[in-house]
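For reference, the structure is listed below as structure tokens.
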Amino acid sequence: MTLYFHGGGWTVDDLDTHDHLCRRLASRSQAVVVSVAYRLAPEHPYPAAVEDAYAATNWVAAIGRERGVDPARLAVAGDSAGGNLAAVVTLLCRDRHGPAVRFQALAYPVTDHWQAGHASYGQYAEGYTLTRDFMKWAFENYLPDGFDRADPYLFPLRAPDLSGLPAALIVTAEFDPLRDEGRAYAERLRAAGVAVEHLHLGDQMHGLLLQEANVNRAHGAVDRFADALRRGLA
């Protein structure tokens, strides 16, 4: 079973925008996919989305057998801000002794602050599907007053310890402001002893998983994402 957290900068998008993707992931991975509707900013800034994601994970683990699925075979996945939430859920499950997550699949995840100095933010600031201005706006809506840039449940790349986390697939796209922080997170997980598959697509932009109906290369990426989930849950 996979919990899926949709992207959208914690402020936009919903179950409907990601429904076709979740259906394809479920079909291809041959696993139940639970798409999570977490509270959105600015009405509900951090930590609302994080606590919703963690609560959903606990709920699914608790009722899994009642619904005919094995709660011991649990994965989390997400794209962009949803990838951030999926990564954070694995940290919370470890730190709070929550459900055992077997696998995490993160597509172009947010792992750091938009002003952290990653080169890709400057290289691809505008002209592509995701812009630096959108990320600035999203963070301004999501972040509470007096937030801590070292908070690992905001910015998992800043976590002092990434050991003991589940195996991961991390997908990055070349023409994406988030490219470098995704790469950096993959490298830090690997250095902490986590098994990591890093799939980098040198000809794609942010949001590619939602373009699979129109772009052959994106269609293949969705299949690889789903195949990794299937292997991770095996």
- Kirkwood hydrodynamic radius (Cα pairs, Å) of the range 160-233? 13.0
- Message: Expected output is a single nm value to one decimal: the length gained when fully extending between S163 and H20, i.e. 0.36 nm times separation in residues minus the C-alpha distance. What is it?
- Response: 48.1 nm
- Along its principal axes, what span do the Cα atoms of the range 1-68 show, with the longest given first and each in whole Å? 36, 26, 12
- Does the range 114-169 come out rounded, prolate or oblate by the C-alpha gyration tensor, with a ≥ b ≥ c the root eigenvalues, rounded set by a/c under 1.5 and, if not, prolate when a/b is larger than b/c and oblate if not? oblate
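On full extension of the chain, what length is gained from N216 through R231, given 0.36 nm per residue of separation minus the C-alpha to C-alpha distance?
On the way: separation 15, 0.36 × 15 = 5.40 nm, distance 2.27 nm.
Between N216 and R231, full extension yields 3.1 nm more.
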- Picking from E43, E197, E51, which is most flexible by a Gaussian network model of the chain using Cα springs under 10 Å? E43
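Based on the alpha-carbon gyration tensor of the chain and its eigenvalue square roots a ≥ b ≥ c, which shape applies: rounded if a/c is under 1.5, prolate if not and a/b is larger than b/c, or oblate? Don't jump to the answer; show the numbers that get you there.
Working: a/c = 1.39, a/b = 1.17, b/c = 1.19.
The shape class here is rounded.
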- Message: Restricting to DSSP H runs of at least four residues, report the calculated mean residue ellipticity at 222 nm for the chain, -39500 (n - 2.57) per run over all residues, nearest 500 deg cm²/dmol.
- Response: -12000 deg cm²/dmol
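Using a Förster distance of 41 angstrom, determine the FRET efficiency expected from the C-beta separation of R67 and R132, and round it to 0.05. Provide the component values of the computation, followed by the final result.
On the way: r = 42 Å, r/R0 = 1.02.
Efficiency, from the Cβ-Cβ distance: 0.50.
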- Query: Give me the log10 of I(q) over I(0) for the range 108-234 at q = 0.16, 0.20 Å⁻¹, as the Debye formula computes it from C-alpha points; what are the numbers?
  - Reply: -0.86, -1.23
- H97 to R149: FRET efficiency via 1/(1 + (r/R0)^6), r the Cβ-Cβ distance, R0 35 Å, to the nearest 0.05? 0.85
- For the chain, accessible area per residue (1.4 Å probe, heavy atoms of protein chains only), Å²: 41
- Note on the structure: Expressed as a percent, the accessible surface of the range 189-234 that is carbon or sulfur, using a 1.4 Å probe and the full set of protein chains, is 48
- Task: Within 10 Å, count the other beta carbons around each residue, average over each peptide in 126-136, 22-32, and list them highest first.
- Result: 22-32, 126-136
- Query: Under a plain spin-label model, where a point goes 7 Å from the Cα along Cα-to-Cβ, how far apart in nm are H198 and A184?
  - Reply: 1.3
- For the range 157-197, rounded, prolate or oblate, judged on the Cα gyration tensor with a ≥ b ≥ c (square roots of eigenvalues), a/c < 1.5 rounded, else prolate if a/b > b/c? oblate
- Residues whose modelled amide H sits under 5 Å from the amide H of H200, counting only those 5 or more places away in sequence or on another chain, are T172
- Query: So what is log10(I(q)/I(0)) for the range 39-125 at q = 0.12 1/Å, when the Debye sum runs over its Cα atoms only?
  - Reply: -0.43
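The values are calculated or read from the model by the stated rules, or taken from the named source; none is laboratory data. Fair warning: this is a prediction, and the values are worked out from it, not measured in the lab. FYI the Cβ positions are ideal-geometry reconstructions off the backbone, even for glycines, and counts take in every protein chain you see. To get the accessible areas, we keep the full protein, side chains included, count just its heavy atoms, and leave off ligands, DNA and RNA. Shrake-Rupley method; radii C 1.70, N 1.55, O 1.52, S 1.80 Å.
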